[in-house]
Structures are given as C-alpha cells and as structure tokens.
1. Taking just the C-alpha trace of the stretch 274-335, give me its Rg and Dmax in Å.
2. Could you rank HIS132, HIS6, HIS251 by how accessible they are, 1.4 Å probe, largest area first?
3. Which distance in nm do the two modelled labels at VAL86 and ASP160 give, with both placed 7 Å along the Cα-to-Cβ direction?
4. With each pseudo-label sitting 7 Å past Cα toward Cβ, what's the ILE51-PHE216 distance in nm, one decimal?
5. Once you put a point 7 Å from the Cα of LYS180 and another 7 Å from the Cα of ALA146, both along the Cβ direction, what distance in nm separates them?
6. What pairs in LYS62/LYS252; LYS68/LYS161; LYS41/LYS118; LYS118/LYS180 have C-alpha atoms more than 32 Å from each other?
7. Between THR171 and residues 5 or more places away or on another chain, which pairs have amide H atoms under 5 Å apart, with H built 1.01 Å from N, and which residues are they?
8. For all pairs of alpha-carbon atoms in the chain, what percent lies in each bin of width 10 Å, listed from the first bin to the last filled one?
Amino acid sequence: MANNFHTYYLAETYGNDLHTASIVRKVNEMILSQMGFSELKFLNIKDGSVIVKLRRLSEVVKLALSVKKNSLVVFHFPLLASAYAVLLRVFNKRGIRTAAIIIDIDGLRYKDEKLLKKELETLKEFNYIIAHNDAMKDFLSQHITADKISCINLFDYPADKTVPEKKLSNTVCFAGNFEKATFVNDLDKMQEVNFNLYGQLYTGETKKNICYKGVFPPSELPQKLEGSFGILWDGDSIENCDDYLQYNNPHKLSLYIAAGLPVIVWQKSAVAKFVEENNIGITINSLTELNNKINNISLAQYELMKKNIEPLRSEVINGSFLNRVITAMTSNLSF
C-alpha cells in the first residue's frame with residue numbers, strides 16, 4: 001500500500017454463520033487485513049433496541065472522527081445497517097474516499113424496482129465500486145459513472161493447497177442453499193446423471209440418482225465435493241435458470257474452482273464467457289442437457305479443463321482476485 005494515505009475496512013461480525021454472503025464478507029475482510037487495512041467495527045450491530053441505536057450514533061461519531069482525511073474506507077454492499085449508511089455520508093462530507101465491494105444487488109436479485117432504485121442511489125455515494133463482472137458493470141454504468149467501477153471477476157476462496165483428484169464420470173455435484181434452489185426437487189427426472197448435494201435446508205429424499213451429503217464448514221467443503229463437475233444453477237426449474245445469474249458471480253463458482261472441479265453453467269449467465277474463455281467447463285441451456293453434454297466430453301478434454309483450472313485455483317485460494325482489484329484501485333489514489 002502507498003504510504004501517503006490510510007486504508008480501512010468496515011468489519012462485520014457473523015460468528016459461525018454459513019450463509020454465502022457472510023462467508024464472502026469474512027474472506028474479503030481477512031484479505032484486506034492481510035493487505036494492511038485497519039479494522040473499523042461497530043458493536044452489537046444486529047441488536048435493534050433503542051439503547052443500542054443510541055450507542056450506535058455515538059459509535060458513528062467516534063468511528064468517523066477516528067479516520068483521517070487522507071484515507072480510503074472499504075464497505076461491503078448491501079449495507080447491513082442504517083448506521084453504515086450514516087457513516088458513509090459522514091465520510092463523504094469529510095472528503096474521505098469510500099469503496100463498495102458488491103456482494104449482491106438485491107433489487108436485481110428479487111426483481112424489486114423500488115429497492116433497486118434505492119440501492120443505485122446508495123452506490124452513487126461511493127467513490128469506487130467493485131462489481132462482479134462486465135455484465136454487472138455494464139448494468140451499473142447505465143446509472144453510475146463507469147470510470148469508478150472495476151470488476152473482481154472471481155471471489156476468492158481460501159482452501160487447502162491440495163484436493164482429491166477428479167475423474168470423468170456421470171456424477172455431478174451441487175452446493176448451495178436449497179431454500180432457493182428448489183430445482184433440485186426435479187433432479188430425479190434425469191436418471192442418467194447422479195447428483196451429490198451439499199448445503200443447508202435440504203428437505204428432499206435420497207433417491208436412486210440423488211445423494212444428500214450434508215453441511216460442511218466452508219473451509220472443508222472443497223475437500224468434500226465428490227463428482228466430475230460442479231453445477232451453477234438457481235431457481236425452481238431444471239428447464240429455466242434464475243435470470244439473476246445474468247449479472248452476478250455465484251460464490252459457488254469459486255468453491256468449485258477451489259475444489260479443482262470443472263463446472264457446468266447456464267449459457268446466458270454472466271460467468272459463461274469466463275468459463276468458455278478459460279476452458280474450465282461447459283455451458284448449457286437446460287439441466288436436461290446434462291447427460292448428452294457429459295457423454296460428449298472426451299477424457300482428453302476433461303483433463304485439459306482440470307489443467308486450466310489449476311492456475312485459477314492457485315489465485316482463488318491465495319486471495320489474488322481481491323488483492324489485484326484493490327491494488328489497482330489504490331495505485332493511483334492520491335489526496
């Protein structure tokens with residue numbers, strides 16, 4: 001980091017929460033800390049009592065005054081509390097630079113126009129924005145100055161340096177929150193393909209071609225995934241994928257790469273171009289295509305996909321993607 005300014009990140013406490021957004025924020029905070037960023041932290045941010053809200057106001061003042069003018073403060077987005085929004089505005093008034101690492105854009109995710117408008121207005125308040133990919137950047141650029149938007153391209157996923165060797169077969173895996181990935185209820189319609197499922201809130205039955213493997217801590221999951229491919233799919237249909245994937249980078253893509261797994265992604269998803277350009281998997285329009293797609297992959301093609309994943313895996317498990325985009329952001333930063 002340059003020596004003529006100070007760098008901070010707004011820290012958030014999640015305990016042992018396994019929710020994806022929590023995991024991403026935790027990993028980002030760890031990487032920022034390793035890069036020399038100092039922690040700014042509210043206490044009891046989730047407690048909504050009147051007394052705590054008054055204490056938060058006091059904390060806003062203390063945090064705002066603790067940061068020198070020649071500073072950069074990194075937030076995650078969406079902001080999790082109104083105190084964060086107040087702190088952002090105070091920093092702006094003091095001329096302190098701010099950056100937002102986007103985890104989700106909930107207005108897009110839930111197709112809520114009112115929420116989306118509010119989120120865009122908040123994002124405009126930041127000096128710098130880190131989007132997921134070019135598709136998200138293109139969308140944001142319709143509303144926000146493009147020059148202050150950069151792309152992370154992949155979220156980082158710290159993991160062990162070695163993982164079990166993957167072999168080509170008709171077994172694939174899916175890791176996710178089954179409360180929103182209800183398409184898994186129809187996987188038994190594709191008997192030619194075997195599915196290993198990992199994650200929270202699975203209520204389906206174990207069937208001939210479906211095996212629920214359970215829940216594992218994020219740090220252990222890359223070692224546990226069994227199958228030849230990792231699937232990126234969302235929504236309630238095996239025919240049609242949730243169109244939010246046209247904008248976001250699912251954290252499970254980083255998980256699969258950390259596990260050394262070639263991937264299967266929706267052809268219209270924002271990550272499809274990345275997968276094709278790096279030759280680390282295949283694209284599909286419908287999950288019903290899985291059997292034919294897998295059968296058409298030769299052993300040599302599969303081995304090449306695994307080989308192509310290795311350099312990406314090294315970067316993902318070592319925190320290179322966030323490090324790179326933050327370094328580029330701060331390289332020309334001056335006060």
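1. Rg and Dmax of the stretch 274-335, Cα atoms, are 17.3, 58 Å.
2. I get HIS6, HIS251, HIS132, largest accessible area first.
3. Taking the simple label geometry, VAL86 and ASP160 are separated by 4.6 nm.
4. For ILE51 paired with PHE216, the spin-label model returns 4.4 nm.
5. So the two model labels end up 2.8 nm from each other.
6. Flagged as over cut-off: LYS62/LYS252; LYS68/LYS161.
7. Close amide H contacts, sequence-distant or interchain: ASN194, SER228.
8. Here the calculated profile for the chain is 5, 25, 32, 23, 12, 4, 0.
The values are calculated or read from the model by the stated rules, or taken from the named source; none is laboratory data. Just so it is clear, the model here is predicted, and its values are computed rather than measured. Using ideal geometry, Cβ is built from the backbone for each residue, glycine included, and neighbour counts are taken over all protein chains shown. Quick note on the areas: whole protein, heavy atoms, side chains included, nothing else; ligands and nucleic acids left out. Shrake-Rupley method; radii C 1.70, N 1.55, O 1.52, S 1.80 Å.
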